[in-house]
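Single-structure report; data block below.
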Amino acid sequence: MSDLTRLDGAALAGLLRSGEVSSVEATQAHLDRIAAVDGELHAFLHVNAGALDEARRIDERRAAGEPLHELAGAPVAIKDVLCTIGMPSTSGSRILEGWVPPYDATPVARLKAAGLVALGKTNMDEFAMGSSTEHSAYGPTRNPWALDRIPGGSGGGSAAAVAAFEAPFALGSDTGGSIRQPAAVTGSVGVKPTYGGVSRYGAISLASSLDQVGPVSRTVLDSALVHDVIGGHDPHDSTSLDRDWPSFAAAAREGAATGSLAGLRVGVIRELDAEGIAPDVAARFHETVRVIESAGGEVVEVSMPSVEHAVAAYYLILPAEASSNLARFDSVRFGMRVERPGQTVEDVMAATREAGFGPEVKRRIILGTYALSAGYYDAYYGSAQQVRTLVQRDFDAAFAQADVLVSPSAPTTAFRFGEKIDDPLAMYANDVTTIPANLAGIPGMSIPMGLGDDGLPVGLQLLAPLFEDARLYRAGATIEALLAEQWGGILAHQAPTLTEVAR
Amino acid sequence: MSDITREQVEHLGRLARIALTDEEVASLATELSAIVDAIATISEVVGPDVPATSHPVPLANVTRPDVEGETLTLEQALSGAPDHDGERFRVSAILGEEQ
Amino acid sequence: MKDRLMDFDEALERYEPVLGFEVHVELGTRTKMFSAAPNPAHPDHHDAPPNTLVDPLSLGLPGSLPVVNETAIRYSISLGLALGCEIAESSRFARKNYYYPDTPKNYQISQYDEPIAFEGSVEVQLADGTLLDIPIERAHMEEDAGKLTHVGGSTGRIQGASSSLVDYNRAGVPLVEIVTKPIIGAEHAAPEIARAYVAAVRDIVLSLGISEARMERGNLRCDANVSLRPRGQERLGTRTETKNVNSMRSVERAVRYEIQRQAAILADGGTITQETRHWHEDTGTTSPGRPKSDADDYRYFPEPDLLPVQPTRELVEELRAALPEQPGVRKRRLQGEWGFTDLELQDVVNAGLLATIEATVDAGASPASARKWWTGEIARVANERGVDAASLVSPAHVAELQLLVDGGTLTDRLARQALEGVVAGEGSPSEVVEARGLQVVTDESALVAAVDEALAAQPDVLARIRDGKVQAAGAVIGAVMKAMRGQADAARVREIVLERAAQP
Ligand SMILES: [Mg+2]
Ligand SMILES: [Zn+2]
C-alpha cells in the first residue's frame, strides 16, 4: 500500500470513506515516506509522534458508524507558523525553539474537528521572512525537483512536502507570496484566499494587514477541499470576514468537468509580462495563455502602473508591522532566554533577541523600526499605505475589464542555494509578481504550467476580485485539466523519484 | 539620498531591543542605506489627495459581546516561561520605570 | 536626598502654577478590553490568584489577536458624554510601542490621533463656592498592563530589587484615559482644584456605574502634571508628571509639594528636568523617575489587527439619553432632598463622598446620620491612616450600623467600636456586634442588680437621693454604666436608680 502516497488527496479520502483504506494505513504510508526521503529534503521540522493514535481514533469512530467529514482520516502537513497544541511551533526561529503552544490556531482546530491527521510541522524562512527557506534557523528545505535548488519561501517546507508525496494536503501562510511562489517552483498548487477568508488566529503574525493562511496541495481540487474546511468567520480574528462562502470544492469540480473557459474574460497584466521575467518562464506563460484562448477564454491585456511601486510599499509595510509584531519575543513569557547574571531585564531581552533572531529578521525589524520612527512615518509607512490605495484602484480598473487576471507566479524557476542570500534587494524583487495581491487583499492561486529550460516547474498565477475565490478554483481546475490532458497527468508526477533510504 | 549612519542603527537597535554587534551595526548601516534608497522613492509617487489604506478589506465596528470565555490554567500560562516562581513569571532586575 | 521646599504662599507670589491631569479609569466590564478573559476590575474577580485571569492575548502569546469589547465601547462613550465631550464619528486604535515586562506584547493598544472622545469640560466647585470648568482635551480607550512585584529590594520598590515577578491578570483591563488641557489660573487653589477635579471625575464614573472607582485598588489613577512660570511670562515652564497618586488626599498633597519643590529650584536659578516623578505616601514627597529621552519614540501606528470604531449617531444619542443628571444639577437636587446647608454639602463634595453618602442613604440611613458617619468618625479614622474614607467601609455597612443605633441595639459609643471591627475586616456590623458582644444590656434584672449593688456601695449618695438631691444619682449611674462596660442605656439606668432609691 506504499503507493497510497501517490494518490491525490481527494482520491485518498475516497478510499478512506469507502473503508478500503484505514487512516492508520494512510498515515503510516506517509510517515514511512517522510522517514525515507525527509533526511535529504528537510521539509519537516517536527513529525507528530501522536499521528498514528489520532488516525486510530478516526478509524474507531468510522467503525462505530459515526458520520465523519469527507476528509476525515486524511493526513495533512502544517506550516510551523501555526500554533499547535502538543507540537512545537517555532515559526522557523531559534527564539521559539521547543515552544509548545497551549492553544491551536483556528485553521488547525478546524482540520482536527474535520478529523484530518497532522503529520507534523513544516519548515519555513524564519518568521516567514524570505523566499527560499534559507532563512530558517533550522537549515533549508531542498527542492524535490533538484536538491541544489531552493523550494521557494517562506512556505518551502509545505510545498516540498506535497511535491515529494510526503503529504497530500498542507497548510501555508502567504504575506507576499509565501504560498504561491513555493507552489510554483515545486510544481504544486497553492492558494492565498481573500484577506479575512481564513482566520489568522493562532498564526504567528508577520505583517497583520498582509498575512493570510491558505492550502497547499498537488491539485486544485485538493486545495479547495482544505479551503472549505479552514475557511469561514472566526470571532477570534477581528479581520475575519463574516459572510457565506460557496463550496470551493464544488467550484473546482465544476471547472474540471466543463473543460471550457467560454465567456471567461482573462486579463494579462502587462507589467508582469515584461523584462524581469525569465525567457523560459515567459514562453510557458504565453503557451498557457494560448491554451486558455483555445478553451474559449477571452484574453485581454490590462495595465497596472502601480506594480512598479508595489515592492517598495510592501517592504515598508511589512517591516513596520513585523517590527511591532515581533516585539513580544522578549524572554519573559515564552521562548528563549539568554541569561545575563547580575544584569537588568533590559540587557537580558536585548541579548536574547540578538541571539534568537537571524540576520534577515534583524534586518527587517531595524528597517521597520526606522520606517515608524519619529520623523519618518509619513514619508515611509504613510506613503506606503497610500500606494496600497493605488494598487487597489489598479485592480478595480483591471477587474472591470477581466474576470480573472493571469501572470507568471514567479519571475524564474527555482534558483540555487546561496544565489540571492547575500543580496536582499534581489531576493525582494523576486516577489514582484505575488506582492500586489497581498497589498490589495485579493485572492490568488498558483498552478503548474510546465517546465522551464532547466526542467524545473513554472507556475501560473491567477488572481480574482475580493471574495471571488471560487472563481479561481473554477478557472484553475479547468486550466489544470487542459494541461494535464497534454501532459498525460498532473505535473507533480513528472518529478524525479527521490532515492528512498532504507529504514 | 538616505545615508543611514552607524549611530542611527545603534539607536534603532536600542528601540528594537536588540544588542547588535559592531559588525552588524556596520553591515546594517550599509544594507539599510541601499534598501531605503530603493524604497524611499514611493514618498514621491503619491500626492496628499490619495487616501491611505490600512486594511485591504474595509470594515468597521467589529466587536464581541462582554461575555467571559475560556482562560488558560496556571500550568498552561507558565508552561513556556523561561523562569517562574510557581505562580508568576520571573525576570531579572528592572532598570527603567514604567511608561 | 531631601528636596528643598519654598513656602507655599511665597511660591505663589513669585510663580504661576499650571496644572494638567491624566486620569486612568479601569472599566468594570465582565471581560477585558480585547479578549474574553475575566476582568479583575469586575467585582466577581477581585483578588483572583496571579495569572489565573489570562488567555493567550493576556500573555501576548504568538498568534493571539485582539477583539474589541462592545460594552467597553459603550462605557467609554457614556464617560465621554458625561465629560461633555464630542464623540468621534470615526475612532481607531493604535499601537504604542515600548518594552516593559508588564506589557505582554511590548506594545500597548491605545488610541493616538483618533480618540473616541474629545473637547469636553468638567465643573468643580471649591470650598468657597466658586465654580470652575476644567477643560478636557480627550478621553481615549486603551488596555492596562500587568502587575510587577519587586523582590530583594529593601522597600519592595524597584530600586535595589534583585528580580521582579509578573502577574498578567491586569494585562488587558479596559481603561479610559482622561487628559485635561493645561489648567491656568488655579493659583492658591491649585492643590484643592487637583483634589476637587479627581473627586468630580470619580463622582461621574460612580454615577455612570462603569467602575468601582476605588483609588486604593487602582481602579482610578491620577498622573499630575505641574509646571511653574515666573509671573508675567507667556511661555509655559517645564513640567513634571507625578505618577499614580492613589488617593484624592495625595493628589492634593503631591501638587502642593511639586509647587514648593519647583519654586525652590527656580528661585535658586536652577532648571526643572522634564521627568516622571513618584509620589511616596509615607514621606509625603516625590522622587525623580525616568527622564524623557530618545527612548520615548513610541512609533505609534494604526493597530492593523483592529478596525475603526464608528459609533452610530443613534447609539450616541441612546447613551446620551441614558446619562445620569449633570453633577451640578444632581448636587442641588440632593441638597434639597437631604436638607444639607451649603457648607455641609461642600464638605461632602470636596471629600468626594457625594455618591458614597447617596448610597448610604439608599441603604436605609437618614441623610443626616450618613453625613455624620462619613464626615465624622470614618473621616477621622481615614485621616489617621492617610486613606480615603470610602476605602474603609461600604455604604451598606454604615447604614446597617445606623439602623442598629436607631433600633437601640447600639449606643453611639458601641457603634464606634462596631465600626472599628468592620474596618478591621471582622465582618458586617451585626457580625461584629455578635462576635464582640457589644449589644446594649436590656435585661432588667441584671440592671436592677447592678443598681442595688452600686447604691449599697455608696450609702451617702443613696441618702442624698432620698433627701431629694436627685442630681446625686449621677455618681451611681456612672458606677452602673462602668459595671455594664457601657453596654446599657443610661436613661433607663437613671429611672431604675430613682425607683430603687425611693423604696425603703
Ligand atoms: Mg499617559
Ligand atoms: Zn494611558
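The values are calculated or read from the model by the stated rules, or taken from the named source; none is laboratory data. Keep in mind the model is a prediction, meaning the values are calculated, not measured. Here the Cβ is made from the backbone with ideal geometry for all residues, glycine too, and neighbour counts use every protein chain on show.
Among what's in segment A:442-495 and is charged (D, E, K, R) and outside any helix (DSSP H, G or I), pick the residue that is surrounded by the most Cβ atoms within 10 Å (Cβ to Cβ). Filtering segment A:442-495 for residues that are charged (D, E, K, R) and outside any helix (DSSP H, G or I), the one surrounded by the most Cβ atoms within 10 Å (Cβ to Cβ) comes out as A:Glu468. Look at (1) within 13 Å of chain A (Cβ to nearest Cβ); (2) more than 27 Å from A:Ser240 (Cβ to Cβ); (3) in contact (Cβ under 8 Å) with a residue 12 or more places away in the chain and you find that C:Phe301 fails only one, number (2). Considering (1) within 16 Å of ligand 2 (Cβ to nearest atom); (2) assigned to a strand (DSSP E or B), the lone condition that C:Asp113 does not fulfil carries the number (2). Residues in segment A:340-354 that are more than 28 Å from the chain's Cα centre (by Cα) and part of a helix (DSSP H, G or I): A:Val345, A:Glu346, A:Asp347, A:Val348, A:Met349, A:Ala350, A:Ala351, A:Thr352, A:Glu354. For segment A:379-417, residues that are facing chain B (nearest Cβ under 10 Å) and either more than 18 Å from B:Leu12 (Cα to Cα) or part of a strand (DSSP E or B) (or both) total 12.
As for segment C:164-171, it holds no residue that is modelled with pLDDT of 95 or more, surrounded by fewer than 19 Cβ atoms within 10 Å (Cβ to Cβ) and within 16 Å of ligand 2 (Cβ to nearest atom). Looking only at segment C:36-64, count every residue that is assigned to a helix (DSSP H, G or I) and within 16 Å of ligand 2 (Cβ to nearest atom) and tell me the total. Residues meeting the conditions: 0.
Taken together, the residues in segment B:1-14 that are modelled with pLDDT of 95 or more and either touching a Lys or Arg at 6+ places or on another chain (Cβ under 7 Å) or among the charged types (D, E, K, R) (or both) amount to 4.
In summary, C:Ile134 fulfils each of the numbered conditions (1) more than 14 Å from chain B (Cβ to nearest Cβ); (2) in a strand (DSSP E or B); (3) surrounded by 19 or more Cβ atoms within 10 Å (Cβ to Cβ); (4) within 16 Å of ligand 2 (Cβ to nearest atom) with the single exception of condition (4).
Out of A:Arg337, A:Arg363, one residue alone is surrounded by 18 or more Cβ atoms within 10 Å (Cβ to Cβ), within 28 Å of the chain's Cα centre (by Cα) and farther than 30 Å from A:Leu462 by Cβ. It is A:Arg363. A:Glu360 meets all of the listed conditions (1) assigned to a loop (DSSP other than H, G, I, E, B); (2) within 30 Å of A:Trp99 (Cβ to Cβ) but one, namely (1). Taken together, C:Val54, C:Val25 contain a single residue that is more than 9 Å from chain B (Cβ to nearest Cβ) and within 15 Å of C:Asp144 (Cβ to Cβ), which is C:Val25. Just wondering, is there one or more residues in segment A:300-317 that are assigned to a helix (DSSP H, G or I), closer than 30 Å to B:Pro82 by Cβ and either within 9 Å of chain B (Cβ to nearest Cβ) or polar (S, T, N, Q) (or both)? The answer is no; no qualifying residue exists. Could we say that C:Arg170 is within 29 Å of C:Ser394 (Cα to Cα), of a type in the set (Lys, Arg), more than 16 Å from the chain's Cα centre (by Cα) and away from ligand 1 (no atom under 16 Å from the Cβ) here? When the stated conditions are applied, C:Arg170 passes them. The number of residues in segment C:348-368 that are of a type in the set (Gly, Ala, Ser), assigned to a helix (DSSP H, G or I) and over 18 Å from C:Ala196 (Cα atoms) comes to 2. Looking across segment A:1-47 at every residue that is of a type in the set (S, T, N, Q) and farther than 13 Å from A:Glu166 by Cα, the one that is nearest to the chain's Cα centre (by Cα) is identified as A:Ser23.
Criterion applied to C:Glu123, C:Glu142 was being assigned to a strand (DSSP E or B) and within 16 Å of ligand 2 (Cβ to nearest atom), and the one residue passing it is C:Glu142. Can we say C:Val176 is within 16 Å of ligand 1 (Cβ to nearest atom), in a helix (DSSP H, G or I) and not small (Gly, Ala, Ser)? So C:Val176 fails the test. If you go through segment C:249-304 and pick out every residue that is part of a strand (DSSP E or B), surrounded by 21 or more Cβ atoms within 10 Å (Cβ to Cβ) and of a type in the set (Ser, Thr, Tyr), you end up with 1. Quick check on my filter: what residues within segment C:179-203 are more than 16 Å from ligand 1 (Cβ to nearest atom) and hydrophobic (A, V, I, L, M, F, W, C)? Scanning segment C:179-203 gives C:Ile183, C:Ile184, C:Ala186, C:Ala189, C:Ala190, C:Ile193, C:Ala194, C:Ala196, C:Ala199, C:Ala200. Scanning segment C:78-110 for residues that are part of a loop (DSSP other than H, G, I, E, B) and hydroxyl-bearing (Ser, Thr, Tyr), which turns out nearest to ligand 1 (Cβ to nearest atom)? Among those residues, the one meeting the criterion is C:Tyr98.
Would you point out which residue out of C:Ala224, C:Ala200 is in contact with an Asp or Glu (Cβ under 9 Å, 6 or more places away or on another chain) and within 16 Å of ligand 2 (Cβ to nearest atom)?
C:Ala224
Does A:Ser217 satisfy being touching a residue at least 24 places away in the same chain (Cβ under 8 Å) and not hydrophobic (A, V, I, L, M, F, W, C)? In short, yes. Figure legend. Inter-residue proximity from segment A:71-91: first residues without any contact (Cβ under 8 Å) to a residue 40 or more places away in the chain, second residues in a strand (DSSP E or B) and of a type outside the set (Gly, Ala, Ser), beta-carbon distance below 8 Å, spacing 6+ or different chains. Indicated pairs: A:Thr84/A:Ile78; A:Thr84/A:Lys121. When C:Thr442 is tested against the conditions (1) surrounded by fewer than 16 Cβ atoms within 10 Å (Cβ to Cβ); (2) assigned to a helix (DSSP H, G or I), the lone failure is (2).
Of everything in segment C:24-35 that is surrounded by 22 or more Cβ atoms within 10 Å (Cβ to Cβ) and either within 15 Å of ligand 2 (Cβ to nearest atom) or among the hydrophobic types (A, V, I, L, M, F, W, C) (or both), the residue that is nearest to A:His236 (Cα to Cα) is C:Phe34.
Look at C:Ser76 and say whether it is buried (at least 22 other Cβ atoms within 10 Å of the Cβ) and under 17 Å from C:Val179 (Cα atoms). It is true that C:Ser76 is buried (at least 22 other Cβ atoms within 10 Å of the Cβ) and under 17 Å from C:Val179 (Cα atoms).
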